[in-house]
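Engineer: My structure is below; once you've seen it, I'll send some questions.
The values are calculated or read from the model by the stated rules, or taken from the named source; none is laboratory data. Everything numeric here is computed off the predicted structure, so don't read it as measured data. So basically every Cβ, Gly included, is an ideal-geometry build from the backbone, and we count neighbours across all protein chains shown. What goes into the accessible areas is simple: the full protein's heavy atoms, side chains included, and nothing from ligands, DNA or RNA. Shrake-Rupley method; radii C 1.70, N 1.55, O 1.52, S 1.80 Å.
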Amino acid sequence: MATLTQSDSCYTEQFGPTLSFAPAGGWGSRQPDKLVKTHCCFCGVQCGIQLKVSDNKVVGFEPWEEFPVNQGKLCPKGVKRYLQNDHPDRLLTPLVRTDSGFRAATWDEALSKTVAAIKSIQGKFGKDAFAFLGGASMTNEKAYLNGKFARLALQTANIDYNGRLCMVSAGAANRMAFGVDRAANPWSDIPLAKALLITGANIAECFPILTDHVWRARDHGAKIIVIDPRITPIARTADLFLPVRPGRDSALANGILHVMIERGWIDEAFIAAHTHDFDKVRALVAKYTPALTERITGVPAASIVKAAEIWGPAETSMLLHARGIEHHTKGVENVLTYINLVLATGRIGKPGCGYGTITGQGNGQGGREHGQRCNQLPGGRDINKPEHREFIAKFWGVPEPELPKQGLTACEIMDAIERGEIKGLLSISFNPLVSIPDASRTRAALEKLEFLGCIDFFLSETARHADVVLAGSLQEEDEGTVTTGEGRCVRLRNSVSPPGDARVDWQIICDLAARLGNAAAFNYARPKEIFDELAAASKGGPIDYSGMSYERLEQNFGIFWPCPAPEHPGTPRLFEGGEFHHPDGRAKFHAFDYRPPAEDVDAQFPLFFTSGRVVSQYLSGTQTRRIGALVEQYPEPLCEMHPRLAAKLGVKDRDLVRVSTRRGEITVPAQVVTSIRPDTVFVPYHWPGRKSANLLTNRALDPISKIPEFKVCACKVEKVADAPAQPARQFPARSQRAASTR
Amino acid sequence: MNDALEFFIDPSRCIGCQACVQACGECDTHRGTAMIHLDYVHRPTGVQTTPVVCMHCEDPTCAKVCPADAIKQDEQGVVLSAAKPRCVACSNCVLACPFGVPKMQTSFDLMMKCDMCYDRTSIGRKPMCATVCPSGALFYGPRDYVEKFRREQPVNEFQFGAQTVRTKVNMMTAPGVKALPFDVADFLPFEALDEDPLALARAGAPDVADAAVWHELHDPKAELELICE
Ligand code: SF4
Ligand code: SF4
C-alpha cells in the first residue's frame, strides 16, 4: 500500500526541498583540485560546462568556451546546477518505508525487498503486472540498460519513460514524414536561415542558448515568425507574431500552406521527385482560406498571409518547434502539418534549410532511442517488426518469442494501475505525481500499488509513496553519454563519486537483474562497456551508433548519428540531396483536417488553460526546487492573465485567484500582463501539491504518440482574495529604474 | 583594424533569463550578491528586460562626488569598487551615478559595483556575465566584429541634461527598428479588439467554442459564403 505514512510537512522537514544557496565549503574557499569538462544536466541543449571539484565535491563552475554549441554560454540553471551537489537533501542510503515515514536500510535489505515484491506480484498476477518507468534525463547507457532490464530481467511489456510527456508527438511525426526521428539539422544551420518559423517553442526560457543562434540569423537579415498564445521573450522582437488560440495549430499551418499554394510558393519539382501525397494535402488545404483560418485560430487573416509571404519565397528557412504544438491530442497531426510547410518548399537537407523539434529534457533525444520505450528496441528498432525483434533477441541471446511485446505508455501505465491491472512499479528518475496530468488521479493510483520502488538521488514527491527507495546517482556522479537535441552524442564525465552509501544507477539496475537471476547479461565493470554494447546493438538499425566510441566522442566534441562505422564522420545534417529514410527514399506529406482539442471551452469553463516552463526551473523541480538562487528567481507559480480578462473578473495584479477545471483547482497569485491572449491563462507546472498545474490539466492522449494534452483544456478563474499587503518578493525586487535611464 | 576587446550591451537581445545575475553572484569577492542590475522595463505591458553593468565612464561622476576619494580608475579606464579602507558608506555615488549602477552593500558597509571582472579581464578573459549570456545581450569582443555582424550599432556617448557622459562600455542601438506593440490584443483580428475576452475564446459559437465553428465550416453553404468573403 503506497499511501503516505506521515504528513507532507514531515517529509519536507526530513527530505526537503531544502534551499541550498552557497557552495560546499562556503564562498571564498573554492580552490578546485580539478576542472571537469562535462555538460549541463538541465535541458536538451546540453551546454558544455566545466565543474570545479574540490575534495570529491562540486564547488562551482567555470564556462567551457571551446565547446562549439554554447561556447561558454549558460542559462541560470547551468550556472547554479553545481549546487545540487553536496546538498543537505541528498539520499545517502536506501530507505524502507515504516509506519511513520522511512528508515535507513542496508543495500541487501532494500534490494531483497524489491526483488521479493517483483517475484510475488509477477507470480500472482503475471509478468506484465509489474511495470517500469524510466526517464529522459538519464544517459544513453542507462536508457539502454532500462530497456534491457525490463525485457530480460523483469520480462514485462510495460516499460515506458517520462519522454512520453515530452516530445513523442514530434518523434512519431518525424518517423511518419521522414522515416527517422531526429532534428534534421545541426543548430549551426539556424543562423544561416533567412526565414525562421518558431511555433510553440519558448526558446528564451526553455532552450536559452539557442537565442543567440536566432539573433545571429536576424543579424544576417532573417525574418522571424513566432506563433504562440503568449508574447515570449523571443516573440518580443519577432518580425511577425501570430497569437494562436490554444489547440488550433494544425489549422494555422494548413492556412499558411493554402496561401503558399495560391501564390505559387511551392517547389513542384522537389515535391514530384522526393515526396508522396502532396495532392491529398493540396486538396485538403483548399478550404483553409485566410478568412476561414482566422475564424478557427484567432489569428488575423492578414497575418496569415504575411506569414506565407515571409516563409514562402524565402531563400533559406528553418522550422523550429517544441512542446507548444506537441502536447496535444492531435500533437502528431500538428507537427505533420507544419512539416508540410517545409516539404512543400523543398528547403530541407541544405545549409540553413530544414527542420527541428527542440527536445526539452537533458537526454530527450538519446533517451528515446535505445529501447526504454514500450514500442521500441535498441537502435530505434520497432518492437512490432519481426526482423527487428529477431535481431535484438539474437543480440541478447534469447529466443525471439520470449521478448515481451509492445506494452503500455507512461500515462496508460498510470491508468492501468488505477484499474488495478498493474500492481507493482519500479520508477527511476521520474516524478509522475508532479508531471502527469490529472494529479489527483495519479496520487490515487500510486496509493493503490502493492509495491512502489524508486531509484532517485532526492526524495521526489512520488518517492514519498515508495515502499523502497534506492539511493542512486546525480549526473555528475556517474559517466556516460547523452544525445543532444540536434542529434549530437556527447560525453559526460565523472566529476565526483556518489556520497555515503549511494550507488550509481546502472549498478543498482545490474544488482537487481542479478538477484532476478540474470547476472550474466548484466555484468558490466564500467559505463563504457554498456556504451559499446548499445552501439553494437544499434548496428544496422534506424538509429546507428555503431561507429562511435568514447574516444571518438571526446576527440570531436561529440558525433551526430547515424555513424555506422569507426571511420564515419557522423551526420550533422540529414536528408542531403533529398534522400529521406523511408525505404523508397521519399518523404511523406500528411493531410490532416483540423479537429478541436479533447476539451474545449464552454459556458461553464469559458477560458483556455495552458501550462509550460519558466527559465529557472527544470521539469518537476526535484533538482531545481532545491537550489536557492533558482527558487528566488521565480518562487511560486503565478497565473498569467491579460488585463482585459482581469478587469472582467475584477482581479488586480497579485490577487489570489482560483483556477479550476473539471479535474481540480489551484489557488495562486495572478500576474496581470498584456503578453498573453485575453481568453487564455497560463500557469507553469514545476510545483507539487496544491500548487500543481497538473491538478488541472487533461490526461487525454494523442491516439498515435500517447502524449497528454498539457497545452489546452477549459478552465474558469475566480478571485479569492486581495493581494497580500506586503507582496511576496518578486522579480525585479528593485524599482523600475531601467525605464528612466534609457 | 581594431581588435581590442570591448564591452557591448544590447537590451534588444536580452531575454531576461538572469544567467548574468546568477553568474555574477558566483564571484568569491561578492559571495552570492550580483553587481548586475536586471529589470523589466514594465512587466505588466511587456517582457522587455534591461541588463545594466557599470558603464565605466571616462570621467566617472561617482568618483567625482566621493568625499573620501575611494573610487579609483585603473590604467585601462575600469572604474573600480570603492576601496574598503577609504569608503565611508555615504552613498553619494549611489545617488550621483547617471546609470544607477553603484549599490551600497550594507552587509559589507561598502559601495560595491561591477569592476568588469577585474580578475578575468586583467588576464585577457571575458567578464563572467558576457561569457555566459545566452543571447549576446552582454558581449565582450572586438568592435570590428560587432560593427560587421550586428544589426544594432554601438554608442558610447550619452547626454544627461547639460552633462555629456562618455563611457568605456558601449550601448547597442538600432535606429531603424520600430518598437512593436507589447499587447497581444494588438495582434488579434480587428473585430476582437472590443470584444469580451470570453467571447474571444468562444469565437461566436453559442456554447462549445470551435467545435461549432468547425461544424459550420463543414456545412457547404456556410463554407461557400466564407470563401467568397
Ligand atoms: S539548462 Fe540547457 S540552456 Fe541552460 S545551461 Fe543547461 S544545457 Fe544550457
Ligand atoms: S544573461 Fe543576457 S539575456 Fe540573460 S538576462 Fe542577462 S543580459 Fe539578458
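Engineer: Please get the size of the charge dipole for the range A:168-357, origin at its Cα centre, with Cβ charges of +1 on Lys and Arg and -1 on Asp and Glu, quoted in debye to the nearest 20.
Structural biologist: Working: 20 positive and 18 negative charges, 53 e Å.
In total the dipole reaches around 260 debye.
Engineer: Continuing with this model, one more query. Classify the range A:493-611: rounded, prolate or oblate, from the alpha-carbon gyration tensor (a ≥ b ≥ c, eigenvalue square roots; a/c under 1.5 rounded; otherwise prolate if a/b is larger than b/c)?
Structural biologist: The shape class here is oblate.
Engineer: Under the rule of at least 5 residues apart or a separate chain, name every residue whose amide H is placed under 5 Å from the amide H of A:I49.
Structural biologist: Under 5 Å from the amide H of A:I49 lie the amide H atoms of A:T38, A:H39, A:C40, each far enough along the sequence or on another chain.
Engineer: Sticking with this structure for a sec: Going by a ≥ b ≥ c, the root eigenvalues of the Cα gyration tensor, does the range A:168-357 fall in the rounded group (a/c under 1.5), the prolate group (a/b larger than b/c) or the oblate group?
Structural biologist: Taking the square roots of the gyration eigenvalues as a ≥ b ≥ c, the range A:168-357 is rounded.
Engineer: Let me know the charge dipole size of chain A about its Cα centre in debye, to the nearest 20, where only the beta-carbon of Lys, Arg (+1) and Asp, Glu (-1) is charged.
Structural biologist: That gives chain A a dipole magnitude of about 1300 debye.
Engineer: I'd like the interface area for chains B and A: accessible area of each alone minus the complex, both sides summed, 1.4 Å probe, protein heavy atoms only. What is it in Å² to the nearest 100?
Structural biologist: Protein heavy atoms only, the B-A interface buries about 7200 Å².
Engineer: Counting Lys +1, Arg +1, Asp -1, Glu -1, what net charge surrounds A:C41 among other residues with beta carbon under 10 Å of its beta carbon? Please list the in-between numbers first.
Structural biologist: Details: positive: A:K77, A:R81; negative: A:E476.
Here the charged neighbours net out to +1.
Engineer: I would also like to ask the following. Could you put A:E369, A:E262, B:E157 in order of accessible surface area, largest first, with the 1.4 Å probe and the full protein assembly present?
Structural biologist: Ranked list, largest accessible area first: A:E262, B:E157, A:E369.
Engineer: For the range A:283-355, which GluC sites (Glu not before Pro) pass both filters: DSSP loop (anything but H, G, I, E, B) and at most 15 other C-beta atoms within 10 Å?
Structural biologist: Sites meeting the loop and neighbour criteria: A:E315.
Engineer: Scan the range A:1-73 for chymotrypsin sites (Phe, Trp or Tyr not before Pro) in coil per DSSP, keeping those whose Cβ has at most 10 other Cβ atoms within 10 Å, and list them by number. Could you put the intermediate results ahead of the total?
Structural biologist: Numbers: sites: A:Y11, A:F15, A:F21, A:W27, A:F42, A:F61, A:W64; in loops: A:F21, A:W27, A:F42, A:W64.
Within the range A:1-73, no chymotrypsin sites (Phe, Trp or Tyr not before Pro) qualify (loop, at most 10 other Cβ atoms within 10 Å).
Engineer: With the full set of protein chains in place, find how many percent of the accessible area of the protein assembly as shown is carbon and sulfur; take the probe as 1.4 Å.
Structural biologist: 53 percent
Engineer: At what distance in angstrom do the alpha carbon centres of the range A:255-324 and the range A:73-89 lie from each other?
Structural biologist: Taking the Cα centre of each part, the range A:255-324 and the range A:73-89 sit 43 Å apart.
Engineer: Which of rounded, prolate, oblate describes the range A:550-688, given a ≥ b ≥ c as roots of the alpha-carbon gyration tensor eigenvalues and a/c under 1.5 marking rounded, otherwise prolate only if a/b is larger than b/c?
Structural biologist: Since a/c reaches 1.5 but b/c is at least a/b, the shape of the range A:550-688 is classed as oblate.
Engineer: What is the average number of partner chain Cβ atoms found within 10 Å of a Cβ in A:344-357?
Structural biologist: So the per-residue partner count for this stretch is 0.
Engineer: So, one more: Please compute, for peptide B:33-39, the average count of beta-carbon atoms on other protein chains lying within 10 Å of each residue's beta-carbon.
Structural biologist: 3
Engineer: Here is a follow-up. Ranking request for peptides A:354-363, A:397-406: highest mean number of other beta-carbon atoms within 10 Å first, then the rest in descending order.
Structural biologist: A:354-363, A:397-406
Engineer: Give me the Kirkwood hydrodynamic radius of the protein assembly as shown, using the inverse of the mean 1/r over all pairs of distinct Cα atoms, in Å to one decimal. If you can, show how the numbers build up before the last one.
Structural biologist: Details: mean 1/r = 0.0346 Å⁻¹.
Roughly 28.9 Å, rounded to one decimal.
Engineer: Right, something else. In what sequence, highest mean first, do B:148-155, A:129-136, A:709-716 appear when ranked by Cβ atoms within 10 angstrom? Could the numbers behind the result be given before it?
Structural biologist: Values: B:148-155: 15.5, A:129-136: 27.1, A:709-716: 25.6.
So the order, starting with the most tightly packed, is A:129-136, A:709-716, B:148-155.
Engineer: In whole Å, how far is the Cα centre of the range A:125-151 from that of the range A:361-427?
Structural biologist: 7 Å
Engineer: What are the ³J(HN,Hα) values, in whole Hz, obtained from phi via the Karplus relation 6.51 cos²θ - 1.76 cosθ + 1.60 with θ = phi - 60°, for each residue of the range A:182-191 in sequence order, with x given for Gly and Pro?
Structural biologist: Once rounded to whole Hz, the list reads 6, 4, 6, 10, x, 5, 5, 7, 4, x.
Engineer: List the GluC sites (Glu not before Pro) within the range A:4-66 that fall in a DSSP loop (any state other than H, G, I, E or B) and whose Cβ has at most 14 other Cβ atoms within 10 Å.
Structural biologist: A:E66
Engineer: Whole-Hz ³J(HN,Hα) for each residue in the range A:278-295, computed from phi via Karplus 6.51 cos²θ - 1.76 cosθ + 1.60 with θ = phi - 60°, x for glycine and proline: what do you get?
Structural biologist: Values, residue by residue: 5, 4, 5, 5, 4, 5, 5, 6, 3, 7, 7, 5, x, 5, 5, 5, 4, 5 Hz.
Engineer: With a 1.4 Å probe and every protein chain left in place, work out the accessible area per residue of the protein assembly as shown in Å², rounded to a whole number.
Structural biologist: 33 Å²
Engineer: Could you check the simple spin-label distance between A:A273 and A:L35, using points 7 Å along Cα→Cβ, in nm with one decimal?
Structural biologist: It is 4.9 nm.
Engineer: Can you grab the distance from the C-alpha centre of the range B:93-116 to the C-alpha centre of the range A:573-612, Å, no decimals?
Structural biologist: Distance between centres, Cα-based: 52 Å.
Engineer: Assuming a viscosity of 0.692 mPa s and a temperature of 37 °C, what translational diffusion coefficient in µm² per second does Stokes-Einstein assign to the range B:12-149, Rh being the Kirkwood radius over Cα pairs?
Structural biologist: Reported coefficient: 207 µm²/s.
Engineer: A further question follows. Across the range A:514-527, in residue order, what do the Karplus-derived ³J(HN,Hα) couplings come to in whole Hz, using 6.51 cos²θ - 1.76 cosθ + 1.60 with θ = phi - 60° and x for Gly and Pro?
Structural biologist: For the range A:514-527, the Karplus curve yields 4, 5, 8, x, 10, 3, 4, 7, 10, 10, 10, 8, 8, x Hz.
Engineer: Right, next: Let me know the mean shielding of A:226-236 by other chains, meaning the per-residue number of their Cβ atoms within 10 Å of its Cβ.
Structural biologist: 4
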